[in-house]
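The values are calculated or read from the model by the stated rules, or taken from the named source; none is laboratory data. Just so it is clear, the model here is predicted, and its values are computed rather than measured. Cβ placement follows ideal geometry from the backbone for every residue including glycine, while neighbour counts extend to all protein chains displayed.
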Amino acid sequence: MTPPARALSATAFATLLLIALMMGANHVAARIAFNHGADVATAVVFRSAVTALVIVAILAAQGVRVAFTARHKRMLPLIGLLIGVQSLCLYSAVARLPVALALLAFNTYPIWTALWSWVVYRQRPERAMLIAMPVILAGLALALDVLGAASGLGAAGQWGRIGAGVAFALAAAGTFGLALVLTQHEAGDLDGRVRTATTMAMAGLVALAMVGAQGGFHLPTAPAGWGGLAALTFLYGTAFTIMFTVLPRLGVVGNSAIMNVEPVFALVLAWAVLGQAIAPIQIVGALVVVGAVMTLGLRKR
């Protein structure tokens, strides 16, 4: 018989919420950087490189032995490539949409994960996922105001305004879902710190290639932009450091569903810092999406 899951301690719960807060704040900081001259590829290079270096330093300090199998050597570059594309797409969405809406559209990744598991490994979606799918999509439709009722623009006007951002967010969700599936089946036996360091390094290289293709780095043109770039790098790197050093000691395995409250934190922070506000019906839709994704993550397997 499988032993019952241990209840989260207050410290573990608070730590998970802190990580969600920092990840939400990271995207608000990214929007500030984008508003002041930085571009997406530049932000991803800074964020990924610093995070990879921090985790490599942790591995060295803890004396972790790194050993890759032939399968790891084949699949890790692909996983890293997917995470690089995901990072570029998600920041592109953040640059075009209210931050919370970009993260909500990205939060459809559990649907993509189930789809990729079925397509690549022929694993049928669980009944809970099939029930949650229409709920998530309905909540997302409300949050995005797809008919343009809340904005007063009508469907055509609303999609003209949000279409590109939503496409980038859904592309990020799709690539992230595939990366999760491949990680589970092809690299799940590899130390999470090693896996993250390699994927962050690869993501940084993907973004660096994009920087080269566009003629060089596009750095911030104002102090606020530099502050945003520094903040997003610090927040992202710190969140990952806590995830791989503190959470294991607290008995928290993996990325708990509690961290899916990130869009809620982003909604509040974007309102307070950026002045971004959405209609009450969109907030209802946001809560539906977050609630459905958290329910999926917290269900008993």
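Remarks
- Listed by position, the helices (runs of 4 or more DSSP H) inside the range 3-96 whose residues that are touching an Asp or Glu at 6+ places or on another chain (Cβ under 9 Å) number at least 2 are 10-35, 70-96.
- Residue match in the range 42-54 (condition: under 22 Å from ASP189 (Cβ atoms) and either in contact with a helix residue (DSSP H, G or I) (Cβ under 9 Å, 6 or more places away or on another chain) or crowded, with 24+ Cβ neighbours inside 10 Å (or both)): yes
- When ALA29, ALA14, ALA20 are checked against the criterion of being surrounded by fewer than 16 Cβ atoms within 10 Å (Cβ to Cβ) and either out of contact with any helix residue (DSSP H, G or I) (no Cβ under 6 Å at 6 or more places or on another chain) or not polar (S, T, N, Q) (or both), a single residue qualifies: ALA14.
- THR2 in contact with a helix residue (DSSP H, G or I) (Cβ under 9 Å, 6 or more places away or on another chain) and modelled with pLDDT under 90: no
- Helices (runs of 4 or more DSSP H) completely within the range 192-301 that count 2 or more residues being over 18 Å from the mean Cα position of the chain (by Cα) and more than 17 Å from ALA38 (Cβ to Cβ): 192-213, 247-250, 280-298
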